[in-house]
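Colleague: A single structure is presented below for examination.
The values are calculated or read from the model by the stated rules, or taken from the named source; none is laboratory data. Worth saying up front: this structure is predicted, and the values here are computed from it rather than measured. A quick note on method: Cβ atoms are made from the backbone with ideal geometry, for glycine too, and the neighbour counts reach across all protein chains shown. Heavy atoms of the whole protein, side chains included, go into the accessibility calculation; ligands, DNA and RNA do not. Shrake-Rupley method; radii C 1.70, N 1.55, O 1.52, S 1.80 Å.
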Amino acid sequence: MNINQLVRKNILHLKPYSSARDEFKGDASVFLDANENPYDNGLNRYPDPLALSVKALISKQKNIPVEQIFTGNGSDEVIDVLVRVFCEPRIDHIITLPPTYGMYEVSADTADVTVHKIALNADFQPNTHEILSHMNNHSKILFICSPNNPTGNSIHLETIVTLLEQFTGIVAIDEAYIDFSNKTSCLKMLEQYPNLVIMQTFSKAWGLAGIRLGMAFASRTIIDLMNKVKPPYNINQLTQKVALQALTQVEKTNKKIQAILKQRAFLEKQLNQMDTVEKVYPSDTNFLLVKTKNANELYQFLVKNGIIVRNRSNILLCEDCLRVTVGTAIENKILLKAWKSFKN
Ligand SMILES: *Cc1c(COP(=O)(O)O)cnc(C)c1O
């Protein structure tokens, strides 16, 4: 598969912005090349455009070479950059598998790129046959969210492999929730599939939604193209600093993940015992999709009690469902107490 044939011509020929840091990379004692303020306050210099020290630690942890890692201002920027690299406005399209994360569609809409939606089946798995029979030369990116938001399940590995082998565009797998799952990441498949892009984020398991740091892992060709298109200093200095700290204290993150998983099991069990709950879907994430009686009324009732969950009851295949993020032990108890007092 020749990735360059999938790329927009203008991006292939794009001459990227060349920053002062790109043009001189050596050691020196006096830097007067970037119009920075010379008075040191810890933040007066531009950050490393490629966040290489952060990537070095990610590389070690994930066992993926630095050259195959892209960092973005959240996964949201990763999604946006992918669309801009591969999709010619009004000509190409992306494929999404609803119900799923909303940003794939918003990024495409912003770029005037059409979205073809092929719904998941009743088991929340991709309809492989329909996707492949729909595909043509303009199907540039297939977004697969696994584990999927808002359904909480993982996409079967065999299905992902089938799609990777047969889809002729980029297959972008959004693994935002992978650290809450006992299924394996697709990272191991990178070497085999030049059209595979895997997205992960610091926003969920790492507990750092506030720093806006997302990652993509892909072949070097794809990563080079993404770096060409991104804004020069997309990962700010404060973000790089906090990410470095987190990456040197992995145990802290792992402990929090374990606590959340314990609470997820507790919440699931308690919710299943309630009269108003029809089904708690199995979850590989830090949230539960819950089918309820009178979802809209229950949602409003919880709001009145100061508890906000996500009302997904108007979404395809999620009729009468609320999406509940796993909170702290105290928050979950408050939720359960209020929920129990709801009379439908
Ligand atoms: C929360 C979430 C993200 C995270 O996006 P960031 O921009 O990294 O905060 C990505 N994908 C999915 C499916 C999510 O639910």
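Colleague: Identify the single condition in (1) farther than 30 Å from Glu105 by Cα; (2) touching a residue at least 60 places away in the same chain (Cβ under 8 Å); (3) among the β-branched types (Val, Ile, Thr) that Val54 does not satisfy, given that it satisfies every other one.
Modeller: Answer for Val54: the failing condition is (1).
Colleague: Restricting attention to the stretch 164-215, and to residues there that are open to solvent by less than 10 Å² (accessible area, probe 1.4 Å) and part of a helix (DSSP H, G or I), which single residue is farthest from the ligand (Cβ to nearest atom)?
Modeller: Leu164
Colleague: Looking only at the stretch 133-154, count how many residues are of a type outside the set (Gly, Ala, Ser), more than 12 Å from the ligand (Cβ to nearest atom) and under 18 Å from the mean Cα position of the chain (by Cα).
Modeller: 3
Colleague: Answer with yes or no whether Asn234 is outside the structural domain of Leu289 (by TED's automatic domain parsing), out of contact with any helix residue (DSSP H, G or I) (no Cβ under 8 Å at 6 or more places or on another chain) and open to solvent by less than 70 Å² (accessible area, probe 1.4 Å).
Modeller: Spelling it out, it is not the case that Asn234 is outside the structural domain of Leu289 (by TED's automatic domain parsing), out of contact with any helix residue (DSSP H, G or I) (no Cβ under 8 Å at 6 or more places or on another chain) and open to solvent by less than 70 Å² (accessible area, probe 1.4 Å).
Colleague: For the stretch 240-265, give me the residue count where each residue is surrounded by 15 or more Cβ atoms within 10 Å (Cβ to Cβ) and β-branched (Val, Ile, Thr).
Modeller: 4
Colleague: In this structure, is Phe167 closer than 22 Å to Glu77 by Cβ, of a type outside the set (A, V, I, L, M) and without any contact (Cβ under 8 Å) to a residue 60 or more places away in the chain?
Modeller: In short, no.
Colleague: Also, I was wondering about something else. Output the number of the condition that Leu157 fails; it satisfies all remaining conditions of (1) closer than 19 Å to Ala216 by Cβ; (2) surrounded by fewer than 20 Cβ atoms within 10 Å (Cβ to Cβ).
Modeller: Evaluating Leu157 over (1) closer than 19 Å to Ala216 by Cβ; (2) surrounded by fewer than 20 Cβ atoms within 10 Å (Cβ to Cβ) leaves (1) as the failure.
Colleague: Specify which of the listed residues (Leu163, Leu157, Leu132) is assigned by TED's automatic domain parsing to the domain that holds Gln240 and touching a Pro at 6+ places or on another chain (Cβ under 8 Å).
Modeller: Leu163
Colleague: Any residue in the stretch 86-102 that's farther than 21 Å from Leu132 by Cβ: show its pairings with residues that are away from the ligand (no atom under 16 Å from the Cβ) and of a type in the set (S, T, N, Q) at Cβ separation under 8 Å, as long as the two are six or more apart or on different chains.
Modeller: Going by the 8 Å Cβ cut-off, the qualifying pairs are Arg90/Thr114.
Colleague: Is it the case that the stretch 287-300 has a residue that's of a type in the set (D, E, K, R) and either closer than 19 Å to Phe180 by Cβ or in contact with a helix residue (DSSP H, G or I) (Cβ under 6 Å, 6 or more places away or on another chain) (or both)?
Modeller: No - not one qualifying residue is present in the stretch 287-300.
Colleague: Also, quick follow-up: Take Asp123 and tell me if it is open to solvent by 40 Å² or more (accessible area, probe 1.4 Å), within 16 Å of the ligand (Cβ to nearest atom) and not aliphatic (A, V, I, L, M).
Modeller: no
Colleague: Only one residue in Ser75, Ser29, Ser59 is touching a Gly at 6+ places or on another chain (Cβ under 7 Å) and in the same structural domain as Tyr193 (by TED's automatic domain parsing). Which one?
Modeller: Ser75
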